[in-house]
Amino acid sequence: MAKMVKKVGYLIRKWFALALLLLLIGVCAWLTQKYHRVFDWTRDSRNSLSETSHRVLQQVDKTLLVTVLARNAANERQ
């Protein structure tokens, strides 16, 4: 009988841990949908605008059209 109680207790803890993990994943998914954040972790902040660029953009009243020329990143990493 004691063996069975141990086994049931183990299964309950296992399912509880799984439920907590799924809840954590669900909360993280909900937070990523609710709050959009972008981080530039490059060494030289290459993917961020400078303060001067921010000031210039604040002075522009018209819609800007930006053309980006970039290589296919998949080919560069081979």
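Each value in this text was obtained by applying a stated rule to the coordinates, not by laboratory testing. Computed from a predicted model, the values in this text were never measured in an experiment. Note that each Cβ is placed from the backbone with ideal geometry, even for glycine, and that neighbours are counted across all protein chains shown.
Points worth noting:
- Residue in the stretch 44-51 that is at negative phi and more than 24 Å from the chain's Cα centre (by Cα) present: yes
- Taking the conditions (1) in a helix (DSSP H, G or I); (2) exposed (fewer than 10 other Cβ atoms within 10 Å of the Cβ) in turn, Arg13 satisfies each one other than (2).
- Among the candidates Ala29, Ala70, residue that is in a helix (DSSP H, G or I) and aliphatic (A, V, I, L, M): Ala29
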